[in-house]
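Presented below is the structure to which this report refers.
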Amino acid sequence: MSRLDASLLRPLAQFRGLSEEDLRFVIAGASTRRLVKGTTLFEEGGEAVDFFLVLDGRLKVVKITSDGDQVLIRFVVAGEICGMAAAIGRTTYPATALAASECLILSWPSALWPGLVEKVPALSAGAMRALGQRLEEAHTRITELSTEEVQRRLAHALTRLAGQAGRKVDQGILIDFAITRQELAEMIGTTLHTVSRIMSGWEARRLLEGDRQHLLMRDPHKLLMIAEGNASGD
């Protein structure tokens, strides 16, 4: 019998409104995992034996190209479910998830998914909403790659990161985990040199600042204007 307390789930958006009985039913099949930074949670093409909920920390989801290069797809932040291959009828994971920071994870065997959604239909609805949002984000990124100049694509990527994982501070919006310029280049389909040149220019204009541990958007409104094509990135 699980010793986990249902109170772990109660504050999370996708579990709000569930009865105490439903929360206990959901948590009963879960176990916890702690991941140190850099640890692989699951691998692209691996058997999807579990699905996961991030309680604390952040994961980065990557795809491996035919040339063996790693491409950053998105970040998974606290409160999000991932690895839901069973929800879309897959038996393998479509990407690789790595700990971008130290993480606390809840995991469930994928074999439990049908019983969970039968007992708690809200789980299925929440999973479909999450998958729909990720699909919409993927379509948006494809459109950006096809139609927008690099500065706008980079500004879009930063504003999305701020929305997913940023928090407001006195100086602006803080993304308080390491994201490299190479990873940003992968996200928007350009080179490290190009991203470094653009971000150095934005740092000189005090639109943002960053180091190996954090990224601070000092003027998120101006970056949003650049993303929408309403201001110059130069």
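How many Lys pairs in the chain lie less than 30 angstrom apart by Cα atoms, where the lysines are 8 or more positions apart or on different chains? Lysine pair count for the chain: 6. Each Lys or Arg adds one and each Asp or Glu takes one away; over the other residues whose Cβ falls under 13 Å from the Cβ of Leu23, this sums to 0. Roughly speaking, what is the centre-to-centre gap between the range 73-97 and the range 102-122 when only Cα atoms are used, to the nearest Å? Their Cα centres are 12 Å away from one another. Maximal additional length on extending the Gln70-Phe25 stretch stands at 12.4 nm, based on 0.36 nm per residue less the C-alpha distance. Among the GluC sites (Glu not before Pro) in the range 142-171, those placed in a DSSP loop whose Cβ has at most 14 other Cβ atoms within 10 Å are Glu149.
Remark: the Asp211-Arg10 segment gains 68.9 nm on full extension, using 0.36 nm per residue and subtracting the alpha carbon distance.
Seen against the Cα atoms of the chain and their longest principal axis, helix 150-165 is set at about 40 degrees.
Read-outs: derived from the displayed coordinates by stated rules, not from any lab. Everything numeric here is computed off the predicted structure, so don't read it as measured data. Ideal geometry is used to build each Cβ from the backbone, glycine not excepted, and the neighbour counts take in all protein chains shown.
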